[in-house]
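Structure record follows, encoded as structure tokens.
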Amino acid sequence: METTAILSALKEQGVDDAYINMLEHIYSHGVSRIQLLTEGQPIHLERGVRQGDSISPKLFISCLQSIFCKLDWQEKKYGLCIGEEHLTNLRFADDIVLIAKSTGELQQMMNDPARESSRVGLNVNKAKTKIMSKTPASININNQPLGNVTNYPYPGNLVSVDGDHEPEVARRIGLAWNNFKKVDKYLIQSKFKVQKSKFEVITIV
């Protein structure tokens, strides 16, 4: 993700110039070093966000919001109609779900963000991008076909195309048992060793 794209997105969204200037100063002076036997020369950073920084997810989301605001999906009435609005996507950080009524519509919806995101240094992860529909659909990104699935985790929940919740329930039960087995020796033994400690009660009147 290009630093200039991040700063432009913040400006578009009305962030105070003082904060933008501060972030620009931080990122324009950011360097990295590679150390093997000795410390290497500084490498100037021109893209990406600072890993581990609490503001980094917010900057990423801001840039992603700027990309989606440039799409004319509402005017084209893409997605699921709810009242007077059309639900076209769900976003949880970089996990995105696109909602379309047809294969042709979905193909266009795949092309639009892929095009816009490439301009700011973001690329679609083709290996993790899947199509989920009642009938298999042929969708491509850069002439590479995407795989079809009947269920997919998002985010942390297993969503099925047929609305069957049993696989998700079974998955959660399995996770619960795995976690239980990590501590079962402490929970199912008949006797616990309790460490005695002394304490004093002070009465305040």
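With the crude spin-label approximation of a point 7 Å out along Cα→Cβ, what separation in nm comes out for residue 75 versus residue 157?
Going by the 7 Å Cα→Cβ label model, 3.4 nm.
Note down the accessible area of residue 128, probe 1.4 Å, to the nearest 10 Å².
Counting only protein heavy atoms, residue 128 exposes about 140 Å² to solvent.
Once you place label points 7 Å from the Cα toward the Cβ at residue 8 and residue 97, how far apart are they in nm?
For the pair residue 8/residue 97, the computed spacing is 3.1 nm.
When the Cα centres of region 127-149 and region 76-91 are compared, how far apart do they sit, in Å?
After rounding, the separation between the Cα centres reads 21 Å.
Can you match volume of the Cα convex hull per residue in Å³ to one of these, [x] 360; [y] 193; [z] 159, based on a calculation from the structure here?
[x]
How large a share of the accessible area of the chain, in percent, is made up of carbon and sulfur atoms when the probe is 1.4 Å and the other protein chains stay in place? Working shown, then result.
Details: 8690 of 15580 Å².
Of the solvent-accessible surface of the chain, carbon and sulfur hold 56 percent.
Among the listed pairs 77/128; 128/182; 76/101, which are separated by more than 22 Å between their Cα atoms? Numbers along the way, then the final one.
On the way: 77/128 27 Å; 128/182 31 Å; 76/101 12 Å.
77/128; 128/182, as the Cα separations exceed 22 Å there.
At 0.36 nm per residue, minus the direct Cα-Cα distance, what do residue 15 and residue 184 gain on full extension? Give it in nm, one decimal, please. Before the final figure, lay out the partial values.
Working: separation 169, 0.36 × 169 = 60.84 nm, distance 5.11 nm.
Extending this stretch completely gives an extra 55.7 nm.
Mind checking the full-extension length gain between residue 28 and residue 137? Use 0.36 nm per residue of separation minus the Cα-Cα distance, one decimal, nm. All intermediate terms of the calculation are to be shown ahead of the outcome.
Values: separation 109, 0.36 × 109 = 39.24 nm, distance 4.42 nm.
My answer for the length gained is 34.8 nm.
Among 68, 180, 92, determine the one that fluctuates most according to a GNM of the chain built with springs between C-alpha atoms less than 10 Å apart.
Of 68, 180, 92, the most mobile in the Gaussian network model is 180.
Send over a whole-number figure in Å² for the accessible area per residue of the chain, probe 1.4 Å. Write down the numbers at each step before the final one.
Numbers: 15580 Å² over 205 residues.
In whole numbers, the chain has 76 Å² accessible per residue.
Using only alpha carbon pairs under 8 Å that are at least six residues apart, calculate the relative contact order of region 1-70 and give it in whole percent.
Values: 56 pairs, mean separation 27.0, N = 70.
About 39 percent, as a whole number.
The values are calculated or read from the model by the stated rules, or taken from the named source; none is laboratory data. As the structure is a computational prediction, the values presented were derived from the model and not from experiment. Neighbour counts run over all protein chains shown; Cβ positions are idealised from the backbone, glycine included. To get the accessible areas, we keep the full protein, side chains included, count just its heavy atoms, and leave off ligands, DNA and RNA. Shrake-Rupley method; radii C 1.70, N 1.55, O 1.52, S 1.80 Å.
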